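Read the structure below first, then the notes.
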Amino acid sequence: MIKDWIPFMKRAHFRANEMPEVVGASGRNLRRAFKREFGKPLQKVLDESRGTEAKEMLLAGYDEKTICETLGFRSAAHFSDWFKGRYGACPRDFVLQAREGGSAQYERAAQAHAL
């Protein structure tokens, strides 16, 4: 289950080259394990998980600086560009759309990451 890997991913800043050291396995074995367990390459799983964490943190009210530090982005501008490229909206607009739509996703994320 991907959720079991999230703490390791966070410590590795969602970078595939840092994961082996964090989990204590060789890069090759780790890539094989992820491909076998999730049916996707390690980097793809990391990117998808990073995106999910970013959305949940935004919806829970975390500021971009905290998100950048937690998820390993170099800057708020880098995070914003990455997020917009991935989801088609900047982080602020994503949150506004979720709140205006009364999205169930917004409610679940806010509860899961209550500040």
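Taken together, the values in this text are just the output of simple stated rules run on the coordinates, not laboratory data. Everything numeric here is computed off the predicted structure, so don't read it as measured data. Cβ sites come from the backbone with ideal geometry, for glycine too, and all protein chains shown count toward neighbours.
A few points about this structure:
- Of all residues in segment 29-39, none are touching a residue at least 24 places away in the same chain (Cβ under 8 Å) and closer than 24 Å to Ala98 by Cβ.
- Comparison of Arg31, Arg99, Arg36, Arg86 shows that the only residue that is in a helix (DSSP H, G or I) and either acidic (Asp, Glu) or crowded, with 17+ Cβ neighbours inside 10 Å (or both) is Arg31.
- Among the residues making up segment 40-67, those that are without any contact (Cβ under 8 Å) to a residue 24 or more places away in the chain and not in a helix (DSSP H, G or I) are Lys40, Pro41, Asp63.
- Lys10 vs. criteria in a helix (DSSP H, G or I) and in contact (Cβ under 8 Å) with a residue 12 or more places away in the chain: yes
- Going through (1) surrounded by 14 or more Cβ atoms within 10 Å (Cβ to Cβ); (2) within 15 Å of Arg15 (Cβ to Cβ); (3) not acidic (Asp, Glu) one by one, His78 falls short only on (1).
- Subset tally (residues that are in contact with a helix residue (DSSP H, G or I) (Cβ under 7 Å, 6 or more places away or on another chain) and within 30 Å of Cys90 (Cα to Cα)) for segment 14-33: 3
- Those residues of segment 54-71 which are within 17 Å of Met19 (Cα to Cα) and surrounded by 19 or more Cβ atoms within 10 Å (Cβ to Cβ), in sequence order: Leu71
- Scanning segment 13-28 for residues that are part of a helix (DSSP H, G or I) and free of Cβ contacts under 8 Å to residues at least 12 places away in the same chain, we see that the one that is surrounded by the fewest Cβ atoms within 10 Å (Cβ to Cβ) is Arg28.
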